[in-house]
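Working notes, beginning with the structure itself.
The values are calculated or read from the model by the stated rules, or taken from the named source; none is laboratory data. Everything numeric here is computed off the predicted structure, so don't read it as measured data. Here the Cβ positions follow ideal geometry from the backbone for every residue, glycine too, while neighbour counts run over all protein chains shown. These area figures cover heavy atoms from the full protein model, side chains too; ligands, DNA and RNA do not enter into them. Shrake-Rupley method; radii C 1.70, N 1.55, O 1.52, S 1.80 Å.
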Amino acid sequence: MRSRNPVFSRRGFSRDNGYAGFNTAPQAGGPAVATQGNPYAQPTGNPYAQNPYAQNPYAQQDQQYGAPPQAPAVAGRMTIDDVIMRTASTLGVLVLTAALSWALLPVDDANINRSYGIGIGAALIGMVLALVQSFKRKASPALILTYAAFEGVFLGVISSIVDNRIADGAAMQAVLGTMAVFAGVLVAYKAGWIRVNRRFYGFVMAAALGFILLMAVNLLFAVLGGGDGLGFRSGALGVVFGVVGIILGACFLALDFKQVEDGIAYGAPREEAWFAAFGLTLTLVWIYLEFLRLISILNSND
């Protein structure tokens, strides 16, 4: 049960082995279904043998064109509407608290230290809550929404600081950039231009691990030696790493979409929609912060 987010481990729909669709093997009498590590797969035979629609004449066509096996329509199973509603609720809480912290926590010279301290405190609490949820076996809507609330406070403060003191309009630009990346990855994924398989997953995870380690080393040098450490977050190198961070976020969005698709296809319980919403929120926050940082670097270099 490991998280796949660039910051934290991501809970997948397969409890022991990444995403549900990665270890698939054809079985006699039925389509290819993951039986190892997938809690929703049937051990042998046709997993939908009891389904009155099991003899669907189009089933072989779906398998031929690579469509994932579809779970029977059962009450209590996750649907795309569930994922959309849970994600909208989580992002709604985050946006609301971000707007309130922007309005109520001034960042003028007299109050910036207090507001910045509150924002950093909220970020630390949000990180702890995210870690707790990442390692829980069941989704906790209250925990996820509380994480979103504290994360929103942090984003509101940091966005206000950047927008008012570094680059006017930076927050809106970062929001538009995040929305553009989300829409672009969604279109590319649905069109089949991005194929999420074992190789893609391995590459993204290795790249994310290297990226996080470099950022951690840079932070360590910054704390010990002052300034920007090794310079990975300023100047030309900062721009390069900002773009790399956004690309990594886009790759994790593709993993999130695959996770949702497999969860629906394999008949994940409805509660898993909260995990999907949680993962999408983490990834979107990552992309937004990378855009905000990139805009700050570009304006500081002007």
Hey, any hits in the stretch 113-125 for a residue that's hydroxyl-bearing (Ser, Thr, Tyr) and within 17 Å of residue 289 (Cα to Cα)?
yes
Which numbered condition in (1) in contact with a helix residue (DSSP H, G or I) (Cβ under 8 Å, 6 or more places away or on another chain); (2) modelled with pLDDT under 95 is the only one that residue 175 fails?
(2)
Mind counting the residues in the stretch 194-207 that are surrounded by 11 or more Cβ atoms within 10 Å (Cβ to Cβ) and more than 12 Å from residue 252 (Cα to Cα)?
3
Return yes or no: is residue 219 free of Cβ contacts under 8 Å to residues at least 12 places away in the same chain, open to solvent by 50 Å² or more (accessible area, probe 1.4 Å) and either assigned to a helix (DSSP H, G or I) or among the hydrophobic types (A, V, I, L, M, F, W, C) (or both)?
yes
Can you find even one residue in the stretch 265-278 that is touching a residue at least 40 places away in the same chain (Cβ under 8 Å), hydroxyl-bearing (Ser, Thr, Tyr), open to solvent by less than 50 Å² (accessible area, probe 1.4 Å) and part of a helix (DSSP H, G or I)?
no
Of the residues that make up the stretch 218-237, is at least one over 19 Å from residue 289 (Cα atoms), modelled with pLDDT of 90 or more and touching a Leu at 6+ places or on another chain (Cβ under 8 Å)?
no
Output the number of the condition that residue 210 fails; it satisfies all remaining conditions of (1) touching a helix residue (DSSP H, G or I) at 6+ places or on another chain (Cβ under 7 Å); (2) surrounded by fewer than 16 Cβ atoms within 10 Å (Cβ to Cβ); (3) not polar (S, T, N, Q).
(1)
For the condition surrounded by fewer than 13 Cβ atoms within 10 Å (Cβ to Cβ), aliphatic (A, V, I, L, M) and assigned to a helix (DSSP H, G or I), what is the one hit in 103, 122, 110?
103
Testing residue 142 on (1) open to solvent by less than 40 Å² (accessible area, probe 1.4 Å); (2) at pLDDT 95 or above, one condition comes back false. Which one is that?
(1)
Suppose we filter the stretch 166-183 for residues that are loosely packed, with under 14 Cβ neighbours inside 10 Å and not in a loop (DSSP other than H, G, I, E, B); how many remain?
5
Would you mention how many residues in the stretch 79-98 are aliphatic (A, V, I, L, M) and surrounded by fewer than 14 Cβ atoms within 10 Å (Cβ to Cβ)?
3
Condition met for residue 149 (in a loop (DSSP other than H, G, I, E, B), open to solvent by 20 Å² or more (accessible area, probe 1.4 Å) and closer than 16 Å to residue 282 by Cα)
no
Across (1) among the aromatic types (Phe, Trp, Tyr); (2) touching a helix residue (DSSP H, G or I) at 6+ places or on another chain (Cβ under 6 Å); (3) crowded, with 22+ Cβ neighbours inside 10 Å, residue 232 clears everything bar (3)
